[in-house]
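Report on the structure given below.
The values are calculated or read from the model by the stated rules, or taken from the named source; none is laboratory data. Quick caveat: nothing in here was measured; it's all calculated off a predicted structure. Here the Cβ is made from the backbone with ideal geometry for all residues, glycine too, and neighbour counts use every protein chain on show.
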Amino acid sequence: MNRAYRNALLCGACPLVVGVTIFLLWLVTGWDWLMLAGLCTIFVGVLAFLTGAFSLAIYFYFGWQTPGFPRRKLWLSTLGCAGLLLSNFVVAGAIIAYVLPSHVWGWKSQTQQITRVTESQRLTFRTTDAKHVSGVTLHVHGHIEGAAMIKGPLNASEPQPISGDVDWQIYGDYFVPDIEFEYVPAKVTAGQLTFEVEFH
């Protein structure tokens, strides 16, 4: 019975520790092979969960059948181990939610707003994932009373004029982890603009 409980604990703790360690190493090093190692850990973790759940069920069954075994201890140990097993899914889900949008699907988006539209502004965007940058999308939307120009590396040869209701987007190949855009108003009296940059 105790062996079954220890087996359930190991099945819950080992994938959790290995998975978190791989994730932290990946954050520090950025090595692509660690993403594959993490994916393998998830699959192994599912098998470990099933094995641990089965072992925990055996522990609970024989504990319940054993005369004099404290019911409170049985319930607390079973629920604690079950929580450990289930925590693997919570942690794996959180890691996947972080990794997929920003490093697999290319959603490294940042947003800055211009509220003082009557003044010239320089907006700088940076990403920490410099190794994987191959392009940038800029999306500017909002409304201004008047006219202005947007300048930047993506349209260096031809600054983009904007006025009134603004909904302008541009994409370009880009291999640097930071990019700067300049907003230059011409007799703008009011409004608000949002600059959204997405690194790919």
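Things to note:
- Matching residues in the stretch 28-43 - criterion: being surrounded by 11 or more Cβ atoms within 10 Å (Cβ to Cβ) and of a type outside the set (S, T, N, Q): Gly30, Trp31, Asp32, Leu34, Met35, Leu36, Ala37, Gly38, Leu39, Cys40, Ile42
- Looking across the stretch 45-82, the residues that are within 34 Å of the chain's Cα centre (by Cα) and in contact (Cβ under 8 Å) with a residue 12 or more places away in the chain come down to Gly45, Ala48, Phe49, Thr51, Gly52, Ala53, Ser55, Leu56, Ser77, Thr78, Cys81, Ala82.
- Every listed requirement among (1) modelled with pLDDT under 90; (2) closer than 24 Å to Val197 by Cα; (3) surrounded by 12 or more Cβ atoms within 10 Å (Cβ to Cβ) is met by Thr128 save one, (3).
- The sole residue among Val133, Val99, Val117 that is aliphatic (A, V, I, L, M), buried (at least 16 other Cβ atoms within 10 Å of the Cβ) and not assigned by TED's automatic domain parsing to the domain that holds Val184 is Val99.
- Candidates in the stretch 146-166 are the residues that are surrounded by fewer than 16 Cβ atoms within 10 Å (Cβ to Cβ) and among the small types (Gly, Ala, Ser); of these, the one that is modelled with the lowest pLDDT is Ala156.
- Leu79 vs. criteria at pLDDT 90 or above and over 18 Å from Thr21 (Cα atoms): yes
- Residue in the stretch 179-200 that is modelled with the lowest pLDDT, counting only those that are of a type in the set (Asp, Glu) and surrounded by 13 or more Cβ atoms within 10 Å (Cβ to Cβ): Glu198
- Of note, Phe69 does not satisfy the criterion of being among the aromatic types (Phe, Trp, Tyr) and modelled with pLDDT of 85 or more.
- Scanning the stretch 57-88 for residues that are polar (S, T, N, Q) and surrounded by 12 or more Cβ atoms within 10 Å (Cβ to Cβ) yields Ser77, Thr78, Ser87, Asn88.
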